[in-house]
Amino acid sequence: MSDEVGRGSHVLLDYVGYSSPVPEDGDWMLAVLREAVEASGIREVHSHVVNFDGSESPPGFASVVLIDESHVTAHCYSDSGLLAIDVFTCGDKSPLAVAEHIQEALEAEVVGIQLIRREVVPRFISGD
């Protein structure tokens, strides 16, 4: 695979043991994502959060920050303590700095959280 050229990469972070550090944790997570994007020098173009109370969808939230060359998202299933973070950039900015900023914030604020998967996936690979 060393001769393959890609455009961008995707960082996948899966956590267990997530518990809300604040009452409106979807809004808190959105702020964490936005701070990570800004600190990494990436341009945000839109952000949004939806908190789920469990009446129509499982309890938790979905937070998303659209960036000029892709996205940063967080999806949480509060009742089972699962949190999935996904950072995708297809420009010249690395998603690793964003992921590391998010990781630091989670470790500082969420007692008992454990990272069980951290995978970097190259995107738009061609063998040319």
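Each value in this text was obtained by applying a stated rule to the coordinates, not by laboratory testing. Being a predicted model, the structure only gives us computed values, none of them experimental. Don't worry about glycine lacking a Cβ; one is built from the backbone with ideal geometry, like all the others, and counts go over all protein chains shown.
Brief remarks follow.
- Convex hull volume of the C-alpha atoms in the stretch 34-86, normalised per residue: 74 Å³.
- Annotation: for a label point projected 7 angstrom from Cα along Cα→Cβ of residue 114, no residues of the stretch 62-95 have a backbone N closer than 12 Å.
- Relative packing of 71-83, 43-55, which averages over residues the other C-beta atoms within 10 Å, highest first: 71-83, 43-55
- With eigenvalues of the C-alpha gyration tensor scaled by 5 and rooted, the chain, Å: 27, 15, 14
- Computed over the alpha carbons of the stretch 60-111, Rg followed by Dmax gives 12.0, 37 Å.
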